[in-house]
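Q: This is the structure I have questions about; it appears just below.
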Amino acid sequence: MSCTVRTATTGDIPRLVDLLLLDARERHAVDPVLWKVASDAPAQIEKALTFALTSEQQPFRQIWQVSEHDGEITGVIHAMRLPVPPIYAGRQGDPGLILPDSAVEPGAPLGTVDALVAAAERALTGDGARILLSTCVTGDPWREVFRDRGYDPLTLYLSRTDLGDAGRPSTIRSATEADVPGIVARAAENKKILFEIDPFWERHPDADDRFAGWMNRSLTLRDRDMMVLGAPENLNGYVIAQPASRLHFPPAHDITGTGVIDDYYHRDLADPMALADGGRGATALLRGAETAFADRGMGTAFVVCPAGWRSKIEMLEAAGYETAMVWSIKR
């Protein structure tokens, strides 16, 4: 048995809603807190598909493709051109990313997933992508297909769903404008380590100035908490606790109770292979962020961590985090 793959159309939306709702429920079964299904999930999926397939005002290029067998849709794959954050060089342009809201029906012909991934890769490279990334939730069988096609883990997303029980450590305080130079200095160390782990994270020549501007802007945003450890003139670390975004969560999921920690660094993590001081300072910052989430009514935290940063992974796992999602890169 075999299948064909083609570009999705608006006429496919009803069938795709069913497939993507089934996909969301499978994630929900793995972790019902992190992957909570929205009460209006079908409507949200339909809205997202309609926008992607009809709007001429897209913030980024989206690609939806479907597989067919005997005239029936058996699967769907979602890909996009991922905008490069302004603190990174992006010499090879916007990467192509295969997203987690990709699914095949039970009983689909053998090889359907591989055919969909191959088609998405062709579409992305045809659109100019020179780097290919994939996203998989822990336990997703698609991960084996990505591995066999040459993808290696690049970034881990570790989660914890029991927040605020430890309380905010007394050493952690809210950041102020006086802390921005120290935050930028620690962030520069963070970016240097990132590049040493993988050249994918090559920093932009103006990264420090751009990051400083963003930190000053972030201080004015009421949807997040910026916390630091140490005096402004000798800052040891910083963390930003902010709400989750749709980049990491398909539209079927309710993200109102989830926070994301991406901008996060402490000197305990300076050696990517060996944790310093048992990670006390880094863990204190993490607990501060968790408490901030809990105070905002959030029950889940998602922490972004490079797959090669062993000391940071060790600290997060000791703090009760488990890998929930993996972004991989095709070499």
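Q: Is region 4-149 rounded, prolate or oblate when judged by the Cα gyration tensor, a ≥ b ≥ c being the square roots of its eigenvalues, rounded requiring a/c under 1.5 and prolate requiring a/b larger than b/c?
A: Rounded is the answer for region 4-149, as its axis ratio a/c remains below 1.5.
Q: Show me, for region 322-331, the HN-Hα J-couplings you get by feeding each phi into the Karplus relation (A = 6.51, B = -1.76, C = 1.60, θ = phi - 60°), rounded to Hz, glycine and proline as x.
A: 10, 5, 10, 8, 10, 9, 10, 10, 8, 7
Q: Extension gain Phe51-Glu26, at 0.36 nm per residue separation less the Cα-Cα distance, in nm?
A: My answer for the length gained is 6.6 nm.
Q: How many angstrom separate the Cα center of region 297-327 from the Cα center of region 152-213?
A: Going from one Cα centre to the other spans 14 Å.
Q: Send over the per residue convex hull volume for the chain, Cα only, as a whole number of Å³.
A: Working: hull volume 43.9 nm³, N = 331.
Hull volume normalised by residue count: 133 Å³.
Q: Let me ask you something else. Would you please classify the overall shape of region 1-89 from the alpha carbon gyration tensor, given that a ≥ b ≥ c denote the square roots of the eigenvalues, rounded means a/c under 1.5, and beyond that prolate means a/b larger than b/c while oblate covers the rest?
A: Taking the square roots of the gyration eigenvalues as a ≥ b ≥ c, region 1-89 is oblate.
Q: To continue, here is another question. Region 228-276 to region 96-117: how many Å between their Cα centroids?
A: Here the two parts' Cα centres lie 31 Å apart.
Q: As an exercise, find the ratio Rg/Rh for region 130-187 from alpha-carbon atoms, using the Kirkwood inverse-distance average for Rh.
A: On the Cα set of region 130-187, Rg over Rh gives 1.19.
Q: Next question, about the same structure. If R₀ is 25 angstrom, what is the calculated FRET efficiency for the pair Arg222 and Ala318, using the beta carbon separation as r and rounding to 0.05? Write down the numbers at each step before the final one.
A: Numbers: r = 32 Å, r/R0 = 1.28.
E(calc), rounded to 0.05, equals 0.20.
Q: If we count other beta carbons within 10 Å of each Cβ, what is the order of Ile240, Ile77, fewest first?
A: Ile240, Ile77
Q: Under a plain spin-label model, where a point goes 7 Å from the Cα along Cα-to-Cβ, how far apart in nm are Ala270 and Asp70?
A: 6.5
Q: Using only DSSP helix segments of four residues or longer, with each worth -39500 (n - 2.57), what per-residue ellipticity at 222 nm results for the chain after dividing by its residue count and rounding to 500?
A: After summing the helix terms and dividing by the residues of the chain, the value is -10500 deg cm²/dmol.
Q: Return the sequence-ordered ³J(HN,Hα) values of region 127-135 in whole Hz as given by the Karplus equation 6.51 cos²θ - 1.76 cosθ + 1.60 applied to θ = phi - 60°, using x for Gly and Pro.
A: 8, x, 5, 9, 10, 10, 10, 9, 10
Q: Taking a ≥ b ≥ c as the square roots of the eigenvalues of the Cα gyration tensor of region 160-324, is the shape rounded (a/c under 1.5), prolate (a/b larger than b/c) or oblate?
A: The shape class here is rounded.
Q: What are the residues whose amide H is under 5 Å from the amide H of Phe302, where those residues sit 5 or more places off or on another chain and H is modelled from the backbone?
A: For Phe302, the qualifying residues are Gly259, Val260, Ile261.
Q: When the label point is put 7 Å from the Cα of Glu202 along its Cα-to-beta-carbon vector, which residues of region 115-145 have a backbone N closer than 11 Å?
A: None, by backbone N distance to the label point.
Q: Quick one: what are the phi-derived ³J(HN,Hα) couplings along region 264-273, Karplus 6.51/-1.76/1.60 with θ = phi - 60°, whole Hz, x for glycine and proline?
A: Each residue's phi maps through the Karplus curve to give 7, 7, 9, 4, 4, 9, 4, 9, x, 10 Hz.
Here, each number is a calculation from the coordinates, and none is a lab measurement. In this text, all values refer to a predicted model and were calculated from it rather than measured experimentally. Neighbour counts run over all protein chains shown; Cβ positions are idealised from the backbone, glycine included.
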